[in-house]
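Comments concern the structure below.
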Amino acid sequence: MAPQAQAQSLLNVSYDPTREFYREYNAAFAAHWESLGKDRASIETSHGGSGAQARSVIDGLNAQVVTLALASDIDRIAEAGKLPEDWQSKLPHNSSPYTSTIVFLVREGNPRDITDWGDLIAEGVQVITPNPKTSGGARWNYLAAWAWAEKNGQEPQEFVGQLFKNVPVLDSGARGSTTTFAQRGIGDVLLAWENEAYLALKELGEDQFDIIVPSVSVLAEPPVALVESNIADDAQRELANEYLDYLYSPEAQALAFKHFYRAWDTSAAAPEDVERFPEVELVDIEHFGGWKQVQDEHFGDGGIFDQIYVPQ
Amino acid sequence: MPGLGLSAGITLTMLSLVVLLPIGALLWQGANFGLSNIWATVNRPRVWAALYLSFRLSLFAAIFNLIFGVLLAWVLVRYRFPGRRFLDAAVDLPFALPTAVAGIALTALYAPNGVLGGFARDWIAPIGNAVFGPFGAQFSGKIAYTQIGIFIALVFVGLPFVARTVQPVIEEIEREVEEASATLGAGRLYTIRRVILPMLSPAALTGFALALARAVGEYGSVIFIAGNIPMLTEIAPLLIVIQLEEFNYDAAAAIGIAMLVISFAMLLAINLIQIWSRRRIGHV
């Protein structure tokens, strides 16, 4: 085989809380790629809010690979013609190599005795969540609360409305909310990605916060995809495909577990990383009719979320 | 002026590329959307609330900056004291700092567990409520995540504008002018009102307009301290970002155009005041 003229490069456009995971994954993948006898590849990852990242790719950011928080963000890129509409069927598990869910982070000892969604609408409880209008993660928070209300005989719209009446600060992103709760000391409970909650515990001290897993939550599937129209040549396509496929390898799945994601393949993962996750009843997006419907009905202009804040 | 044709050509081209084209693109997007759609987007309680909040607090912050910017410039020019040069340099810091950094720093300071936020809650609020309680609203002592927090952020980003525009004018005013006024029998306040302020007012108004314009469009520093609760502490630029987040470019452009129109009206009003004050004073 003729030697390649130049080092291959790859840009992975991702969302905020995957920073630590992809830093390690890129190093592992680079080693894997060279072990296949290939030339060294240079891999860059860009992080930001999921929607903003999708917009950059639509507007021309030359990403070969996107790893975003919501399938609907990648759907938008597909609508712009940058990748095929059936992208989500190309890789196993709905193109989601790892999943996560929404849990509660409370202050050490759980002073407000919060055990499930129902406790969040109690008088005087302050709930911290990012704004569902600007944060993909916050949409999962909202949907998880909705699912719990449905299953517990409450009127979901009313329940979610009451919950957001208890929110004193709506940050624009997940990290912002974690800061508000952990560093600024605002609120009694933080609704967070499970991986963000564990990360906060690790970074800020296990003696300060507890993680509470509610009885019902959502199956958040952050999907990955190859951006067809940004692939320069076959060599880059091969690199990009391998980059995505390798996410499903036992080594990469172990890394995902290590970074507090619920991955699929436990064969190479450290047992304590796997045991960390308790069983939860998880509701997926199809339960709500898929992202397209959810986006219009709940989070679109004048949708159910907007109605929470209409003056009575 | 030699080379007028060339220099004017370069300037106008640059101005078009850097300023007029983006604004043109915004208006173009709006034109495609249509006037009635723009109105429908803007004419909703939540958008009105955000616009009212943004412009009202920007106006308050600009007025605050007008008063304290002039005082600050006066002190920096007229008095010699230790640390004056340091203070003079520090005035520009809000320009140099990324606004998001400023927002995070201000929030850390004014959050209930921050130094100033804690002080306000534990001392200012109880004393204030004991003294003023019977006369009106109770102050809970919260600064961050309220409109007071937004106001503080807007003051921070706008402060250099007034100070820096009036500083050179104060340097131009000779002390003899004040002495002449005094020897003719004017008191201090009369001298300030009839001699000093008229000379300062055109520059101060320019600084006021700049501070106001900056505050209206400010995003980075405000969203961290605002709390962003719709109808209460949600600023208009955040609504634009929210629309973009929904890939709703038309609605974002509509709110942008509404802000542009209101800003333009306010700047026009300030210009008219400037013209009026110049006529009245008759010189400068």
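The values are calculated or read from the model by the stated rules, or taken from the named source; none is laboratory data. Just so you know, these numbers come straight off a predicted model, no measurement behind them. Quick reminder, even Gly has a Cβ in these numbers, built from the backbone with ideal geometry, and neighbours come from all protein chains shown. The protein model used for the area step is the full one, side chains on, heavy atoms only, and it has no ligands, DNA or RNA in it. Shrake-Rupley method; radii C 1.70, N 1.55, O 1.52, S 1.80 Å.
Taking A:Arg184, is it within 14 Å of another protein chain (Cβ to nearest Cβ), open to solvent by 20 Å² or more (accessible area, probe 1.4 Å), part of a loop (DSSP other than H, G, I, E, B) and of a type outside the set (Asp, Glu)? Yes: the conditions hold for A:Arg184. Got at least one residue in the stretch A:81-98 being within 14 Å of the chain's Cα centre (by Cα) and assigned to a strand (DSSP E or B)? Looking through the stretch A:81-98, at least one residue is within 14 Å of the chain's Cα centre (by Cα) and assigned to a strand (DSSP E or B).
Contact annotation: residue pairs with Cβ atoms under 8 Å, 6 or more positions apart or on different chains, pairing a residue in the stretch A:246-273 that is under 21 Å from A:Ile43 (Cβ atoms) and basic (Lys, Arg) with a partner that is in a helix (DSSP H, G or I) and modelled with pLDDT of 95 or more, are A:Lys258/A:Glu24.
Within the stretch A:159-177, restricting attention to residues that are more than 9 Å from chain B (Cβ to nearest Cβ) and at pLDDT below 90, the residue that is surrounded by the most Cβ atoms within 10 Å (Cβ to Cβ) is A:Ala174.
Taken over the stretch A:187-210, the residue count meeting the criterion of being part of a helix (DSSP H, G or I) and out of contact with any strand residue (DSSP E or B) (no Cβ under 8 Å at 6 or more places or on another chain) is 5. Here the condition is being surrounded by 22 or more Cβ atoms within 10 Å (Cβ to Cβ), farther than 28 Å from B:Trp74 by Cβ and aliphatic (A, V, I, L, M); of B:Ala120, B:Ala144, it holds for B:Ala144 alone.
From the residues in the stretch A:128-143 that are part of a helix (DSSP H, G or I) and more than 10 Å from chain B (Cβ to nearest Cβ), which one is farthest from B:Leu238 (Cα to Cα)? Residue satisfying both the conditions and the ranking: A:Leu143.
Matching residues to (1) under 14 Å from the mean Cα position of the chain (by Cα); (2) surrounded by fewer than 22 Cβ atoms within 10 Å (Cβ to Cβ); (3) assigned to a helix (DSSP H, G or I); (4) at the interface with chain A (Cβ under 9 Å from one of its Cβ atoms):
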{"position": "B:Pro202", "(1), (2), (3), (4)": "no, yes, yes, no"}
{"position": "B:Leu205", "(1), (2), (3), (4)": "yes, yes, yes, no"}
{"position": "B:Met231", "(1), (2), (3), (4)": "no, yes, no, yes"}
{"position": "B:Leu238", "(1), (2), (3), (4)": "no, no, yes, yes"}
{"position": "B:Leu244", "(1), (2), (3), (4)": "no, yes, yes, yes"}
{"position": "B:Ala251", "(1), (2), (3), (4)": "no, no, yes, yes"}
{"position": "B:Val261", "(1), (2), (3), (4)": "no, yes, yes, no"}
{"position": "B:Ala265", "(1), (2), (3), (4)": "no, yes, yes, no"}
{"position": "B:Ile270", "(1), (2), (3), (4)": "yes, yes, yes, no"}
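In summary, A:Gln154 fulfils each of the numbered conditions (1) touching a strand residue (DSSP E or B) at 6+ places or on another chain (Cβ under 6 Å); (2) open to solvent by 30 Å² or more (accessible area, probe 1.4 Å) with the single exception of condition (1). Just one residue in the set B:Leu159, B:Leu106 is in a helix (DSSP H, G or I), within 14 Å of chain A (Cβ to nearest Cβ) and of a type outside the set (Val, Ile, Thr); that residue is B:Leu106.
Screening the stretch B:36-102 for helices (runs of 4 or more DSSP H) wholly inside it with 1 or more residues that are touching a helix residue (DSSP H, G or I) at 6+ places or on another chain (Cβ under 7 Å), among the acidic types (Asp, Glu) and open to solvent by 40 Å² or more (accessible area, probe 1.4 Å) returns the ranges B:84-90.
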